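Read-outs throughout are calculated quantities, based only on the coordinates presented, and are distinct from any laboratory measurement. Note that this is a predicted model, so its numbers are computed, not measured. We place every Cβ from the backbone using ideal geometry, glycine too, and count neighbours over all the protein chains shown.
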Amino acid sequence: MRALDHSGHSAEAATLPSASPRKASPIRAEGSDLLPAALAANFEGFWKLPAGMLGVERGEGMTAVRLAPGDGRPADLAPVSLPSLAPVGITAPDMALADGQAIVSFDLYEAMRRFYFEDFRGRTAVVSRAASLGRRLYYLARPAIPRRYQLALRRRLARTQARPRFPAWPVDTTLDDLRSAVMSAAMAAAGRDRVPMLGLWPRRARYGVVLRHDVEGSEGVRNVDALRRIEEAAGLRSIWNFVPERYPFDSSLLTDLQQAGHEIGVHGLHHDGKLFSSRQTFVQRAERINVYLSAWGARGFAAPSAIRKLDWIAERLDIEFDSSAPAAEVIGAQPGGCATVFPFLLPRAIVEIPMTAQQDHTLFEILGRRDIDVWLETIRLVRERGGVLVLTVHPDYMTSARLDLYRAVLSRLTEDEEAWKALPGDVSNWWRRRSESEILEHGDRFEISGPARDDAAVGSAALYSGGLAVSPS
Ligand SMILES: [Zn+2]
């Protein structure tokens, strides 16, 4: 049930080779004013209310959101409170309803931008402790230290995580909570308890599901077959992210997967943790990465170890989508998270598809779990909100017990007819088309215009006692 996403940094607009399949977009058409346009695409463009119904005005450290008046009596209290924005350095955020609009005491787009790009001013003290514990656990647990010490470390980490902190684990939705709180206040101020919106997913699906595999080494290459067979038997397909210059593999493996309906993505260049170590390194490697993207017919990128800088990625890589930002990362090389379970638009109309589920490596290798409870909980949450589930499983770590666990998750997903199981390239294509489409109101009838016309539906956002629910119908 809630909301959406994102933003951008300025980036050069027109350096794509003409062979790029990416189309011109409203974001690029804005010229130099890229950031507000990208952010608007992730607020107004997330809700996609009927044309002309929603207005956003940003002023000196304030934002006013107004809806066309409804039939109900306007409220003067916000129905849902704002989440803590302390992680992005906004203390004591306030929201008031006045004059038929919702007014917040900060720049809404700037707050969203800081989450999307993980610009965490003010959060340092909160996250650093989790980070250092996570790192210690990571490095200590790998060598064969006695199991009782491993357990002690795990218990310690669990206690730390149980305290309220950012990011929430296993999923953080602070940005979505923010977006929904503001929209619910605007609805209350306008006397509306329900608004029509362009459905979040095609054909009235409730949420999106993406299966992803990062192939880390030769062991992973050897295990591709076992893993894909399980998926294909369930009628599913996935994205396989390969590292171009780390291990040998036959390029026929890529075409073979593609011909069977899978997607291929590029996973860094060397997977050595240094891709973003300096601007120069990144720029040089980005050129090589672009060569592999083109040669492999790949539409997307996934940064190794989720070490990421989305603004650099969006500026340099010739991609349609990126999937490098975790929604919530506590244990790992770069703790943080973009705090949303929805795709969001980056500059150059690139779609970021956040990694919303904890990776198999974190759950099985680091935390030593032998069940899929965390994944099931994540599926429940993403489904309830209407976001996108990105499930990452490395063929490198697939024991037969874990293959069984994976099979169990897949059967949970296949039996859910309201889940749109899609390749990430299709998700990004949809998200871009949706952002370029709109609902037109003709009396009591709606018409959808734009590139999503054929598979989009009109859904709704409705206030209920606990918040705002987004529904595909
Ligand atoms: Zn990797």
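Structural remarks
- As a proxy for reagent exposure, Ser471, Ser81, Ser184 were ordered by neighbouring Cβ count within 10 angstrom, fewest first; the result is Ser81, Ser471, Ser184.
- Karplus-derived 3J(HN,Hα) values for region 383-400, using 6.51 cos²θ - 1.76 cosθ + 1.60 with θ = phi - 60°, are 5, 4, 7, x, x, 10, 8, 10, 9, 9, 10, 8, x, 4, 9, 7, 8, 5 Hz; glycine and proline are entered as x.
- Look at Val341, Val88 and count the other Cβ atoms within 10 Å of each Cβ; fewest to most, that gives Val88, Val341.
- Rounded to whole numbers, the Karplus 3J(HN,Hα) couplings from phi for region 408-420 are 5, 5, 4, 5, 4, 6, 5, 7, 8, 6, 8, 8, 8 Hz, using 6.51 cos²θ - 1.76 cosθ + 1.60 with θ = phi - 60°, and x at Gly and Pro.
- Two-site FRET efficiency, Ala234 against Ser277, from Cβ-Cβ distance with R₀ of 41 Å, rounded to 0.05: 0.55
- Note, ³J(HN,Hα) from phi for region 179-194, Karplus 6.51, -1.76, 1.60, rounded to Hz, x at Gly and Pro: 4, 6, 4, 5, 5, 5, 5, 5, 5, 4, 5, 8, x, 10, 10, 7
- Fully extending the segment from Thr91 to His442, taken as 0.36 nm per residue of separation minus the present Cα-Cα distance, adds 122.1 nm.
- Sorted by Cβ neighbour density within 10 Å, fewest at the top, the residues Lys274, Lys309: Lys274, Lys309
- D_trans [Stokes-Einstein, Kirkwood Rh over alpha-carbon pairs] for region 403-448, 25 °C, 0.890 mPa s, µm² s⁻¹: 180
- Residues whose amide H falls under 5 Å from that of Glu263, counting only those 5 or more places apart or on a different chain, are Ser238, Ile239, Trp240, with hydrogens built in the peptide plane.
- Cα centroid separation, region 52-103 to region 335-375 (Å): 29
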